[in-house]
Amino acid sequence: MRSSYKKYFVVPAYLFMTFIVSACTVMQPHPDNKPVRLFFYNEINIANSNVADCKYLGMIVSSQGHWYDYLFISNTNLTYGAINDMKNKASKIGADAVYINNNIDFVTSVTWVGQAYNCDINKNQH
């Protein structure tokens, strides 16, 4: 009886708790990232900016949160996770500016859609 209790209740409970604890981590910025500036849709008008001087690199979708872990992560940390995911993806493709034109509201996660550009922002800030 004791062996079956351990087999059917204790082991699955340990596995479930390990799954829950591991799911509560938030996306961190990659240590090799170069600086990436995020511009929100209400912050600039991309049509009137110096986008002509920038090279469009593509669309980026970032997200943080899942149906199984959103109860254990604060809204602030979900947002920071999505920001870090956006910066990681932008840096990976060589972007230094991302125009975030949309956020997608879900109950269980934070998701953003943005357009990535290389504008040599960091070179021009001196």
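The values are calculated or read from the model by the stated rules, or taken from the named source; none is laboratory data. Computed from a predicted structure; not experimentally measured. Neighbour counts are summed over all protein chains in view; Cβ atoms, including those assigned to glycine, are modelled from backbone coordinates with ideal geometry.
Quick one: count up the residues across the stretch 80-110 that are buried (at least 18 other Cβ atoms within 10 Å of the Cβ) and in a strand (DSSP E or B).
First, the residues of the stretch 80-110 that are buried (at least 18 other Cβ atoms within 10 Å of the Cβ): 80-91, 95-100, 109-110.
Then keep just the ones that are in a strand (DSSP E or B); that gives 97-100, 110.
Total satisfying the criteria: 5.
Within the stretch 49-65, which residues are free of Cβ contacts under 8 Å to residues at least 60 places away in the same chain and either loosely packed, with under 13 Cβ neighbours inside 10 Å or among the basic types (Lys, Arg) (or both)?
Hits for the stretch 49-65 are ALA52, GLY58, MET59.
Condition first: at pLDDT 90 or above and among the hydroxyl-bearing types (Ser, Thr, Tyr). Now tell me which residues in the stretch 90-110 satisfy that.
Within the stretch 90-110, just SER91 meets the criteria.
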